[in-house]
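A.B. asks: One structure is given below, represented as structure tokens, and several questions about it will come after.
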Amino acid sequence: MGYPSKTIIYLAGSQTFGGQRLLIPLRAMFANLVDRTSLCSKTELSDLVGPETPLPSDIFQLPRPKSESEIKEEWSRAGPRPRPLPPPPERRIYPHEKEGWYGWITETDKEPNPSPRDLRMQAHRLLWDALDYIISVEADAFFPGFNNDGSGWPDFSGLVMGQRLYERASSRTYRPDRKTIAALFDITRGNMYHPKHDWTLSVKEHLNKSLSEEGLIRQSLLSKPNSFLSHPLPECSCRISSLELTKQTEGKDGRVLYGD
């Protein structure tokens with residue numbers, strides 16, 4: 001797309017599917033690939049979170065072991081004979097079983113209440129997502145990694161694109177068609193690291209179209225049935241009387257998509 005190798009690329013999102021190894025080719029092309037962990041120091045992140053009371057390192061408590069006299073007393077108070085044999089000694093509980101589904105999947109029918117550590121991690125994750133959101137909205141260019149998952153609610157990328165469209169309709173926001181991009185990537189499987197020149201031109205042509213009015217119309221048709229937050233036109237556009245009549249673009253259903 002013509003971006004120089006010194007371009008700063010901010011990777012938004014809490015995690016990358018497949019880990020950091022998937023970013024090796026991108027880091028080789030762009031050395032300034034950063035995220036919130038590389039831009040913010042521990043002090044800055046702690047200032048963002050605010051003061052917190054320390055949590056115990058291990059909040060899981062084993063039951064108090066019973067003495068031999070208590071075991072004999074329980075055995076003598078057990079019901080009439082014949083009685084079943086006492087249960088075998090409890091096996092050791094490993095650290096990875098203290099929290100998560102390992103510990104409760106065979107004991108209860110529902111998920112247990114989150115621990116204080118889980119609640120704190122969820123609160124931190126909301127702050128990190130908010131930080132990524134602000135940077136994505138203010139970026140010079142935005143490229144969504146995933147958008148319009150069909151759940152009926154706008155996701156992270158949809159909300160970012162909607163706010164960028166509402167505040168600065170001329171901002172460089174790519175709106176690629178995932179099906180078209182997937183078809184183009186399938187072409188490179190036979191020649192992965194040296195794609196043909198025609199393939200590069202096809203990708204540039206598609207991404208440039210996604211920046212233009214054609215991308216706005218396609219995004220409107222995809223997102224409008226779900227929520228106007230990801231595409232706030234024309235509901236949230238200013239209507240100013242003008243002597244010059246703008247060209248209106250209508251969809252297949254007759255609804256004005258652009259230029260109303």
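A.B. asks: Looking at the stretch 22-74 only, could you name the residues that are part of a loop (DSSP other than H, G, I, E, B), within 15 Å of Leu127 (Cα to Cα) and open to solvent by 80 Å² or more (accessible area, probe 1.4 Å)?
C.D. replies: Answer for the stretch 22-74, where residues must be part of a loop (DSSP other than H, G, I, E, B), within 15 Å of Leu127 (Cα to Cα) and open to solvent by 80 Å² or more (accessible area, probe 1.4 Å): Pro51, Glu52.
A.B. asks: Going by the conditions given, is Met121 modelled with pLDDT of 85 or more and either open to solvent by 90 Å² or more (accessible area, probe 1.4 Å) or part of a loop (DSSP other than H, G, I, E, B) (or both)?
C.D. replies: Working: modelled with pLDDT of 85 or more: yes; either open to solvent by 90 Å² or more (accessible area, probe 1.4 Å) or part of a loop (DSSP other than H, G, I, E, B) (or both): yes.
So Met121 passes the test.
A.B. asks: To continue, here is another question. Among (1) assigned to a loop (DSSP other than H, G, I, E, B); (2) open to solvent by 90 Å² or more (accessible area, probe 1.4 Å); (3) at pLDDT 75 or above, there is one condition Arg175 misses while meeting the rest; what is its number?
C.D. replies: It is condition (2) that Arg175 fails.
A.B. asks: On to the next question. Give me the residue from the stretch 162-172 that is small (Gly, Ala, Ser) and open to solvent by 40 Å² or more (accessible area, probe 1.4 Å) and, out of that set, modelled with the highest pLDDT. Give the steps one after another, and end with the answer.
C.D. replies: The initial filter retains those residues of the stretch 162-172 that are small (Gly, Ala, Ser), namely 162, 169-171.
Restricting the remaining residues to those that are open to solvent by 40 Å² or more (accessible area, probe 1.4 Å) gives 169-170.
Working: Ala169: 76, Ser170: 80.
My answer is Ser170.
A.B. asks: For the stretch 114-137, state whether one or more residues are closer than 22 Å to Glu214 by Cβ and in contact with a Gly (Cβ under 8 Å, 6 or more places away or on another chain).
C.D. replies: So in the stretch 114-137, the residues closer than 22 Å to Glu214 by Cβ come out as none.
Scanning the stretch 114-137 turns up no residue that is closer than 22 Å to Glu214 by Cβ and in contact with a Gly (Cβ under 8 Å, 6 or more places away or on another chain).
A.B. asks: Can you tell me which residue within the stretch 137-161, out of those that are more than 25 Å from Tyr3 (Cβ to Cβ) and open to solvent by 60 Å² or more (accessible area, probe 1.4 Å), is modelled with the highest pLDDT?
C.D. replies: The residue in question is Trp153.
A.B. asks: Can Ala28 be described as of a type in the set (Gly, Ala, Ser), touching a helix residue (DSSP H, G or I) at 6+ places or on another chain (Cβ under 6 Å) and modelled with pLDDT of 85 or more? If you could, list the steps in order and put the result at the bottom.
C.D. replies: On the way: of a type in the set (Gly, Ala, Ser): yes; touching a helix residue (DSSP H, G or I) at 6+ places or on another chain (Cβ under 6 Å): no; modelled with pLDDT of 85 or more: yes.
For Ala28, the condition - of a type in the set (Gly, Ala, Ser), touching a helix residue (DSSP H, G or I) at 6+ places or on another chain (Cβ under 6 Å) and modelled with pLDDT of 85 or more - is not met.
A.B. asks: May I ask you to list pairs of residues, at least six apart or on different chains, whose Cβ atoms are under 9 Å apart, with the first in the stretch 161-188 being free of Cβ contacts under 8 Å to residues at least 24 places away in the same chain and farther than 17 Å from Asp140 by Cα and the second being surrounded by 13 or more Cβ atoms within 10 Å (Cβ to Cβ) and among the aromatic types (Phe, Trp, Tyr)?
C.D. replies: From the stretch 161-188, the pairs are Leu184/Trp199; Ile187/Trp199; Thr188/Trp199.
The values are calculated or read from the model by the stated rules, or taken from the named source; none is laboratory data. If you're wondering where the values come from, they're calculated on a predicted model, not measured in any experiment. With ideal geometry, Cβ positions are generated from the backbone for all residues, glycine too; neighbour counts draw on all protein chains shown. Accessible surface areas use protein heavy atoms only, side chains included; no ligands, DNA or RNA. Shrake-Rupley method; radii C 1.70, N 1.55, O 1.52, S 1.80 Å.
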